[in-house]
Amino acid sequence: MTKEVAQCQCGQLQIVCANNYLMHGQCSCEDCQRRTGTPTSFHLYYKAKDVEIKGEFKTFTRKAEEGREIEFIFCPECGGSLAFDIPWADDVYGEKMTGIPLGNFTNPKIAAPDVSVWNCYLPTWFPNVVTETRRMAEQPKTIDDIKLVLRSLGKL
């Protein structure tokens with residue numbers, strides 16, 4: 001199977017994963033805006049067991065919107081944010097998942113995002129690449145709501 005490599009700006013920290021992401025998501029929440037310095041961010045979601053971290057890293061943990069803790073992995077040298085855990089994954093998929101910002105990959109060959117969340121924070125001048133039926137003003141509030149959305153997308 002083909003492997004994809006994501007890396008930080010200085011290259012000290014890398015993530016190697018199989019080229020089999022489960023979902024491509026766009027998030028415009030205020031926390032992602034602060035983390036990336038951009039109005040929106042794009043992430044590929046992988047099973048955590050399919051992700052190998054190479055290099056030294058530090059972590060930062062904060063509360064996600066729904067109250068669960070979310071841990072971010074970043075390079076201690078350049079500060080690049082390389083990955084984060086998905087707080088609801090255990091309840092939805094029965095296993096841990098890792099989100100990797102799309103820009104950390106070199107020329108990824110992927111389709112447009114499957115879903116776009118927290119569009120209520122997206123500037124009106126920013127074009128949304130996700131079809132309107134897959135856009136949400138916020139993120140689903142409950143695990144059952146998350147499962148319902150993922151089923152409708154064919155991702156569960």
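Taken together, the values in this text are just the output of simple stated rules run on the coordinates, not laboratory data. Predicted model, so just to flag it, every value in this text is computed and none were measured. Counting neighbours? That spans all protein chains shown, and the Cβs are built from the backbone with ideal geometry, glycine included.
Whole-Hz Karplus ³J(HN,Hα) for the stretch 32-46, in order, using 6.51 cos²θ - 1.76 cosθ + 1.60 and θ = phi - 60°, x for Gly and Pro?
5, 4, 5, 5, 9, x, 10, x, 8, 9, 10, 9, 9, 10, 10
Amide H to amide H, which residues 5 or more places from Lys96 or on other chains are under 5 Å from it, using H placed in the peptide plane?
Ala48
Using Cβ counts within 10 Å as a stand-in for footprinting exposure, how do Asp144, Asp114 rank, fewest first? Before the final figure, lay out the partial values.
Details: Asp144 11, Asp114 20.
With the fewest neighbours first, Asp144, Asp114 line up as Asp144, Asp114.
Mind sorting out which of [x] -0.25, -0.48, -0.66, -1.28; [y] -0.28, -0.54, -0.75, -1.42; [z] -0.21, -0.41, -0.58, -1.48 is the real log10 I(q)/I(0) by the Debye sum over Cα atoms at q = 0.08, 0.11, 0.13, 0.20 Å⁻¹ computed from the coordinates?
Step by step, log10 I(q)/I(0) by the Debye sum over Cα atoms at q = 0.08, 0.11, 0.13, 0.20 Å⁻¹ for this structure corresponds to label [z].
Taking the mean number of other Cβ atoms within 10 Å as a proxy for protection, how do you rank 82-94, 29-41 from highest to lowest?
Numbers: 82-94: 18.2, 29-41: 15.9.
For the peptides 82-94, 29-41, the packing ranking is 82-94, 29-41.
Test of understanding: what is the full-extension gain from Glu56 to Lys96, defined as 0.36 nm times their sequence separation minus their Cα-Cα distance?
Working: separation 40, 0.36 × 40 = 14.40 nm, distance 2.12 nm.
The span from Glu56 to Lys96 would gain 12.3 nm if fully extended.
Which residues' amide hydrogens lie under 5 Å from the amide hydrogen of Cys8, considering only partners 5 or more residues apart or on another chain, with H built in the peptide plane?
Result for Cys8 returns Leu13.
Connecting C-alpha atoms closer than 10 Å in a GNM of the chain, tell me which of Gly55, Gly99, Gly25 has the biggest fluctuation.
Gly55
Spelling out what I want: for every residue of the stretch 109-125, take phi, set θ = phi - 60°, compute 6.51 cos²θ - 1.76 cosθ + 1.60 (Karplus), and round to whole Hz; glycine and proline get x.
Each residue's phi maps through the Karplus curve to give 9, 9, 7, 4, x, 6, 8, 10, 10, 6, 5, 5, 9, 6, x, 5, 7 Hz.
For Asn19 and Arg68 in the same chain, what is the full-extension length gain: residue separation times 0.36 nm, less their Cα-Cα distance, in nm?
Details: separation 49, 0.36 × 49 = 17.64 nm, distance 2.81 nm.
Net length gain for the segment: 14.8 nm.
Provide the percentage of antiparallel DSSP beta bridges, counting only those with both residues in the stretch 3-152; round to the nearest 5.
Close to 90 percent.
Along the Cα-to-Cβ line of Gln12, 7 Å from the Cα, sits a label point; which residues in the stretch 35-58 have backbone N less than 16 Å from it?
Label zone hits: 54-58.
Relative contact order for the chain: what is it in percent, counting Cα pairs under 8 Å that are at least 6 residues apart?
Details: 303 pairs, mean separation 37.5, N = 156.
Averaging sequence separation for qualifying contacts and normalising by length gives 24 percent for the chain.
Specify the inter-centroid distance of the stretch 17-43 and the stretch 83-123, based on alpha-carbon positions, in whole Å.
The stretch 17-43 and the stretch 83-123 have Cα centres separated by 5 Å.
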